[in-house]
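Before any comments, here is the structure.
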Amino acid sequence: MKYDFAKVEQKWQRIWDEKKVFAASNDYTKPKYYVLVEFPYPSGQGLHVGHPRSYTALDIVARKRRLEGYNVLYPMGWDAFGLPTENYAIKNHIHPEIVTRQNVERFKSQLKGLGLSFDWDREVNTTDPAYYRWTQWIFLQLFKKGLAYKKEMSVNWCTGCKVVLANEEVVNGVCERCGSDVVHKVKSQWMLKITEYAQRLIDDLDTVNYIDRVSTSQRNWIGRSTGAQVDFQTTAGDVLTVFTTRPDTLFGATYMVISPEHPYIEKWADRIQNMDAVRSYQEESARKSDFERTELAKDKTGVKLEGVMGINPVNNTEIPIFISDYVLMTYGTGAIMAVPAHDTRDWEFAKKFGLPIIEVVKGGNVQEEAFTDCATGILVNSGFLDGLSVEEAKTRMIDWLSENKKGEPKVNYKLRDWVFARQRYWGEPIPIIHCDHCGYVPLDESELPLKLPEVESYEPTGDGDSPLAAIDSWVNVTCPKCGAPAKRETDTMPQWAGSSWYFLRYCDPDNANALAAKEALDYWMPVDWYNGGMEHTTLHLLYSRFWNKFLYDIGVVSTPEPYAKRTSHGMILGENGEKMSKSRGNVVNPDDIVREFGADTLRLYEMFIGDFEKSAPWSQSSIKGCKRFLDRIYNLLEIVQEGDSYSSALEGSFHKTIKKVTEDIEVLKFNTAIAAMMSLLNEISNQGAVTRAELKTLLLLLNPFAPHLTEEMWERAQFGGMITEQSWPKFDESKCKDAQVEIAVQVSGRIKARIMVDADSTDSELLEAAKSCPEVAALIEGKTVVKEIVVKGKLVNIVVK
RNA sequence: GCCGGUAUGGCGAAAUUGGCAUACGCACUUGACUCAAAAUCAAGCGAUGAAUAAUCAUGUCGGUUCGAGUCCGACUACCGGCACCA
């Protein structure tokens with residue numbers, strides 16, 4: 001009997017669709033479960049085999065939860081604003097909206113062909129005005145609470161294309177497209193104060209269940225460090241403030257460094273005697289990308305400021321001030337005190353410029369390398385700190401600084417505020433009007449959505465503004481406050497905006513009065529299980545946590561955290577072990593696999609390919625194994641026998657397999673769950689028969705993985721109803737154990753025999769049985785038994801001399 | 001340079017978290033069926049061995065332990081991320 005997967009898969013996809021089998025119910029009295037996968041950017045290339053890995057995994061979870069009786073929400077949508085669509089539109093003179101619609105259609109039909117149990121009634125699209133109306137609304141709330149502000153920021157400016165470039169578009173300091181030099185250009189940009197939430201974003205990681213590497217990455221990214229701010233008087237008569245995590249080493253500060261962008265350079269311009277050298281160094285740094293500044297880390301560069309000296313507050317020593325690009329304006333105060341004896345970077349710089357290295361923490365050889373160990377060092381050459389440990393000295397110094405008004409304790413974060421503006425067309429317009437009299441005035445909420453206007457060309461204007469700036473009728477408005485002529489903001493929001501709250505919209509996607517009804521949010525939120533790529537750990541995941549917290553603060557949502565659980569999948573690589581990409585020519589199109597082997601086989605293979613959390617190379621030949629397994633399952637219909645219970649020979653195996661599959665799905669071990677079902681099938685094949693009860697269980701276990709095949713077999717076996725309406729099988733713990741187990745017998749740690757024993761044998765019975773097997777008896781004969789180790793159900797080890 | 005991850009048969013990978021290394025699958029070999037091939041079914045399959053003997057095998061070197069893929073220390077290679085974080 002041949003299994004016609006193409007016909008069967010289409011048949012069930014149609015039935016599921018018609019019957020709305022996977023629609024989440026709005027009955028808020030039922031236990032709920034919200035399963036979420038990151039919604040895709042609908043690119044022109046269509047679906048990639050990487051997408052279904054995450055979608056299938058959580059589809060398995062969603063289907064299992066439904067069988068377990070939950071009201072499940074498993075939605076899908078489109079994160080459709082973004083650069084590639086816009087660039088395509090520019091090139092082909094097609095409206096990005098049309099491109100987006102075509103791409104979405106393609107993605108949607110591809111996803112439907114995989115039998116994913118999404119609730120398509122709740123589909124969202126970030127480019128839909130009915131959706132971005134609420135993205136804009138959230139921005140207005142942020143603005144009203146003072147969390148959105150304007151700041152001069154440097155952007156990548158392509159000297160050839162005359163446009164602002166994304167970091168991604170800058171390759172080795174030149175424009176990816178035209179190869180022209182990219183320079184930094186200062187532009188006033190909208191920013192969001194995510195830093196205000198830094199501490200809460202760290203603290204609340206303790207209240208959620210994220211896999212370790214995700215919470216670790218977030219903590220490192222936010223990068224809290226405690227230290228002190230120290231004020232250095234300068235010979236220019238002003239105060240230069242630095243941030244340090246090592247206030248204990250203040251006596252060892254032998255010079256200072258400020259970032260090339262530091263505002264004091266202009267302030268001191270008259271005093272600095274070597275301004276030409278300083279200027280050229282500034283220019284040189286401006287040309288370097290941040291990446292280059294870190295790349296060239298080994299070779300420190302810098303220029304000494306001639307004419308201004310810093311004064312170390314603890315001993316009033318005058319020390320030189322340098323500018324160097326190893327100090328970043330974006331962290332701390334943009335200025336540091338350099339302690340070459342106890343900081344690796346300062347040490348390298350001091351060696352190169354011949355600066356003194358003063359040891360203030362004993363424990364290493366500071367002429368050879370910086371001694372940075374905080375745990376063991378003891379303070380020396382440090383006046384009132386001498387003899388203290390590093391930790392004691394830190395506290396003492398901070399106290400001293402506070403008492404003498406020369407500094408204060410300070411917590412710093414690596415996290416920087418979020419640049420929330422793009423000089424592009426294909427994004428949400430920022431609903432702000434600039435009035436010369438009233439400043440930045442928010443658009444009235446009744447005017448939302450502020451729709452993207454039609455434009456002739458999607459090219460940014462030559463002076464770095466978005467194409468919106470060229471539409472006078474759109475830009476020129478009257479101030480909502482005073483009625484004077486005013487101008488709209490022409491920058492648009494970054495792609496991250498729409499994805500920072502989409503999980504809320506799924507709860508109530510058609511609501512026209514709010515981003516979602518409060519009852520819907522109260523019922524569905526938080527997301528119970530969110531899976532996505534590691535590449536989104538520090539940006540999307542953090543941004544959306546920030547927005548959710550803000551919405552929590554203003555009473556829109558009721559949970560301080562959006563996601564109760566976060567997991568992450570590994571990448572699917574090309575057959576050659578490299579990342580799949582068009583340029584490498586190793587891309588696999590899921591459509592081809594579905595056509596040749598069927599969606600169930602593709603799903604099963606992607607789950608069987610290896611550890612879900614690790615990357616795995618694609619293998620065309622291995623797919624066959626999964627196809628073969630499904631065909632063998634289908635053939636069970638030919639050997640099915642009457643029987644409403646498990647056969648005695650297979651009862652234990654069934655209970656064990658139910659347990660294994662049930663538990664493995666919860667910990668993302670889909671590969672071993674499948675292996676367990678394969679083993680069970682092998683056992684059934686050896687028996688040559690399967691009872692109806694056994695087939696039922698096996699189909700239910702396999703259903704989340706291979707939904708079409710199991711639905712079809714359920715119908716053919718006339719089990720009644722649809723398999724999607726049944727309950728997840730249960731196992732009996734007591735029946736998962738074998739009566740007899742094989743244990744290994746070692747002599748001095750080497751395996752010499754294997755014996756079958758009763759599973760509940762006592763230690764002394766095991767030892768007795770071990771000693772009585774001939775191979776072992778011969779080896780311990782006449783020797784002294786030094787030690788006897790018995791591990792129940794596993795082994796006996798007899799150590800002899 | 002910093003951070004994170006990984007390393008097990010010809011290949012993808014398992015290993016109940018310190019207790020029988022290589023489950024499950026792919027590839028391969030042999031056999032059955034067939035005029036033949038494909039498909040299917042059965043058997044074998046870490047290395048050196050004639051061997052069911054023995055020895056060696058989880059990136060390298062060392063350590064802890066009765067016992068290490070798993071723990072500790074040092075290193076190597078590859079992959080990913082990065083904002084020199086003071």
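The values are calculated or read from the model by the stated rules, or taken from the named source; none is laboratory data. This structure is a prediction, so every number in the text was calculated from the model and none was measured. Quick reminder, even Gly has a Cβ in these numbers, built from the backbone with ideal geometry, and neighbours come from all protein chains shown. For the accessible areas, the whole protein counts, side chains as well, though only heavy atoms, and no ligand, DNA or RNA atoms are used. Shrake-Rupley method; radii C 1.70, N 1.55, O 1.52, S 1.80 Å.
Of everything in segment A:633-671, what is within 11 Å of RNA strand B (Cβ to nearest atom), surrounded by fewer than 15 Cβ atoms within 10 Å (Cβ to Cβ) and assigned to a helix (DSSP H, G or I)? Give them in sequence order. Selection gives A:Asn635, A:Glu663. Could you identify the single residue in A:Lys730, A:Lys735 that is touching a residue at least 24 places away in the same chain (Cβ under 8 Å) and either part of a helix (DSSP H, G or I) or within 16 Å of RNA strand B (Cβ to nearest atom) (or both)? Within the list A:Lys730, A:Lys735, the selection yields A:Lys735.
Taking the criterion of being more than 27 Å from A:Lys193 (Cα to Cα) and touching a residue at least 12 places away in the same chain (Cβ under 8 Å), the residues of segment A:511-546 that qualify are A:Ala512, A:Glu519, A:Ala520, A:Tyr523, A:Trp524, A:Asp528, A:Trp529.
Here is a yes/no grid of residues against (1) open to solvent by less than 40 Å² (accessible area, probe 1.4 Å); (2) of a type in the set (Asp, Glu); (3) more than 10 Å from RNA strand B (Cβ to nearest atom):
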residue: A:Val182; (1), (2), (3): yes, no, yes
residue: A:Trp190; (1), (2), (3): yes, no, yes
residue: A:Gly227; (1), (2), (3): yes, no, no
residue: A:Asp231; (1), (2), (3): no, yes, yes
residue: A:Thr254; (1), (2), (3): yes, no, yes
residue: A:Pro263; (1), (2), (3): no, no, yes
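Per this entry, A:Val741 is not counted among residues that are open to solvent by less than 20 Å² (accessible area, probe 1.4 Å) and more than 37 Å from the chain's Cα centre (by Cα). If I filter segment A:293-305 for residues that are modelled with pLDDT of 90 or more, over 27 Å from A:Trp157 (Cα atoms) and open to solvent by 30 Å² or more (accessible area, probe 1.4 Å), do I get at least one hit? Yes. Do we have A:Gln199 as within 16 Å of RNA strand B (Cβ to nearest atom), more than 30 Å from A:Gly439 (Cα to Cα), open to solvent by less than 60 Å² (accessible area, probe 1.4 Å) and under 18 Å from the mean Cα position of the chain (by Cα) here? The answer is no for A:Gln199. Screening A:Gly625, A:Gly610 for residues that are at positive phi, within 11 Å of RNA strand B (Cβ to nearest atom) and open to solvent by 10 Å² or more (accessible area, probe 1.4 Å) leaves exactly one candidate, A:Gly610.
Note on segment A:335-359: among residues that are assigned to a loop (DSSP other than H, G, I, E, B) and in contact with an Asp or Glu (Cβ under 7 Å, 6 or more places away or on another chain), the one that is nearest to RNA strand B (Cβ to nearest atom) is A:Val339.
Would you please name the residue that is nearest to A:Glu284 (Cα to Cα), looking only at residues in segment A:315-334 that are open to solvent by 60 Å² or more (accessible area, probe 1.4 Å) and within 7 Å of RNA strand B (Cβ to nearest atom)? Looking at the filtered set, the residue picked out is A:Leu328. Scanning segment A:749-787 for residues that are near RNA strand B (Cβ under 9 Å from one of its atoms) and open to solvent by 60 Å² or more (accessible area, probe 1.4 Å) yields A:Arg750, A:Ile751, A:Lys752, A:Arg754, A:Glu775, A:Val786, A:Lys787. A residue that is at pLDDT below 90 and open to solvent by less than 10 Å² (accessible area, probe 1.4 Å) occurs somewhere in segment A:48-60. Yes or no: segment A:89-111 includes at least one residue that is in a loop (DSSP other than H, G, I, E, B) and touching a His at 6+ places or on another chain (Cβ under 7 Å). No, the conditions are met nowhere in segment A:89-111. Could you please let me know if A:Glu561 is without any contact (Cβ under 8 Å) to a residue 60 or more places away in the chain and of a type in the set (Asp, Glu)? When the stated conditions are applied, A:Glu561 does not pass them.
Can you report the number of residues in segment A:546-595 which are outside any loop (DSSP other than H, G, I, E, B), open to solvent by less than 10 Å² (accessible area, probe 1.4 Å) and of a type outside the set (A, V, I, L, M)?
Looking only at that region, the number is 10.
A:Tyr605 falls short on exactly one of the conditions (1) in contact with a helix residue (DSSP H, G or I) (Cβ under 7 Å, 6 or more places away or on another chain); (2) touching a residue at least 24 places away in the same chain (Cβ under 8 Å); (3) not aliphatic (A, V, I, L, M), and that condition is (2).
Can you confirm whether A:Thr601 is more than 30 Å from A:Val214 (Cα to Cα) and either within 13 Å of RNA strand B (Cβ to nearest atom) or outside any loop (DSSP other than H, G, I, E, B) (or both)?
So A:Thr601 fits the description; yes.
From A:Leu142, A:Leu116, grab the single residue that is in contact with a helix residue (DSSP H, G or I) (Cβ under 7 Å, 6 or more places away or on another chain), part of a loop (DSSP other than H, G, I, E, B) and either open to solvent by less than 10 Å² (accessible area, probe 1.4 Å) or in contact (Cβ under 8 Å) with a residue 40 or more places away in the chain (or both).
Numbers: A:Leu142 fails: part of a loop (DSSP other than H, G, I, E, B).
Just one listed residue meets the conditions, A:Leu116.
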